[in-house]
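The values are calculated or read from the model by the stated rules, or taken from the named source; none is laboratory data. No experiment lies behind these values; they were computed from the predicted model shown. Every residue, glycine among them, receives a Cβ derived from its backbone with ideal geometry; neighbour counts consider all protein chains shown.
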Amino acid sequence: MTEAIVDLEAHLTDTQDIVWARSGKHVQDWDKMKVGRRVLSECFRVSEDNSNLPTILSVTNFDDERAQVFRYLVKGEEFFRMTGNLDYFEDEKMLHIRNPFRGDLYFLAGQEIASDIGHITLAGLPFDYYLDTSDKRNREPEKIFSEAEKYGAIVLVEAGRVGMLEKIFGKMFNKLVDKQYAEMSAKKVNLIKYGNDIDAVKSDYDFWDDNDHFLSIAVSDSHVPDGKSGPFSSYAIFNNVDLSSGEKLVASLKDGINRSHYHNVRNEKSVLENLRHHSICFFAGAVGLPTGLMKRDH
């Protein structure tokens, strides 16, 4: 068991599989080699800035499979030749990358789901798992919590204060794209209703209900591969994690949350970064995809 720096929600990019229909080029610069190098460099930097503690990053899907793409990328022969000095160890739930000169990185897979009660993130899923949210039945909280229990995943929900940008873009996106309205942030009545299924609230501040029941955890929720708004821009330091396998790592993180064996390190989110991210997502979902200007590159 050891201390570790943990970010349980990092998306790395705004979109991973949306391209311009005419050119076939990705809407966002998704140079896979470049993204991979930047993410690893950021993780090693964070480790070195914190007494070489191991870093644990949950690469988080939304309606794509960027966690799977990232895993195959950093394991690839071409990537290995370009980076060098890396050893790889993996199992169903964990990719461990070690540089003998810079330390240990651990990558998990997760998925954020726009559920009927707000955004829910599952962290610590098997790398080959993906919940198809185009089937609206998979957005029902009972289904999501059932999948989390089945795979031993950590359950985080969006709750508490939501910024004005999130409120505006959340409403516009859901009304125009999904043709239904779903809150980004879970209401207190749903937190209480599903309290036994929720491990923590992902929040930019310390969140408690009237009974001091819900713990909050800091995550970056990043949509860029590095920098001030990238992975580990906000994170938690866990006191005791088991790094011997993916299954034991996720279980020890889940136990650490439930026992409050961690503390949060939060940084203020950039308003400009929030605006950039929400603008890209809104344009793609409300204009680009419906008009055929953009398409999915599966």
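Please work out which residue is modelled with the lowest pLDDT, limiting yourself to the stretch 190-217 and to residues that are among the hydrophobic types (A, V, I, L, M, F, W, C), buried (at least 20 other Cβ atoms within 10 Å of the Cβ) and touching a Gly at 6+ places or on another chain (Cβ under 8 Å). Selected residue: Phe214. The single condition among (1) more than 20 Å from Thr15 (Cβ to Cβ); (2) of a type outside the set (Lys, Arg); (3) part of a strand (DSSP E or B) that Ile144 does not meet is (3). For Asp87, the stated conditions do not hold, so it cannot be described as surrounded by fewer than 18 Cβ atoms within 10 Å (Cβ to Cβ), more than 21 Å from Asp221 (Cα to Cα) and touching an Asp or Glu at 6+ places or on another chain (Cβ under 8 Å).
Residues checked against (1) of a type outside the set (Gly, Ala, Ser); (2) surrounded by fewer than 18 Cβ atoms within 10 Å (Cβ to Cβ); (3) in a loop (DSSP other than H, G, I, E, B):
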| site | (1), (2), (3) |
| --- | --- |
| Ala4 | no, no, no |
| Leu12 | yes, no, yes |
| Ser23 | no, yes, yes |
| Arg45 | yes, yes, no |
| Ile56 | yes, no, no |
| Gln68 | yes, yes, no |
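Counting the residues of the stretch 10-26 that are under 20 Å from the mean Cα position of the chain (by Cα) and touching a residue at least 60 places away in the same chain (Cβ under 8 Å) gives 8.
Just one of the listed residues (Arg137, Arg38) is without any contact (Cβ under 8 Å) to a residue 12 or more places away in the chain and either assigned to a helix (DSSP H, G or I) or surrounded by 14 or more Cβ atoms within 10 Å (Cβ to Cβ) (or both), namely Arg137. For Ser220, the criteria (1) in contact with a Ser or Thr (Cβ under 9 Å, 6 or more places away or on another chain); (2) modelled with pLDDT under 90; (3) of a type in the set (S, T, N, Q) hold in every case but one, which is (2). One residue stands out among those in the stretch 250-298 that are crowded, with 19+ Cβ neighbours inside 10 Å and among the β-branched types (Val, Ile, Thr): the one that is modelled with the lowest pLDDT, which is Ile257. For the stretch 226-245, filtered to residues that are surrounded by fewer than 23 Cβ atoms within 10 Å (Cβ to Cβ) and within 19 Å of Leu40 (Cβ to Cβ), the residue that is farthest from the chain's Cα centre (by Cα) is Leu243.
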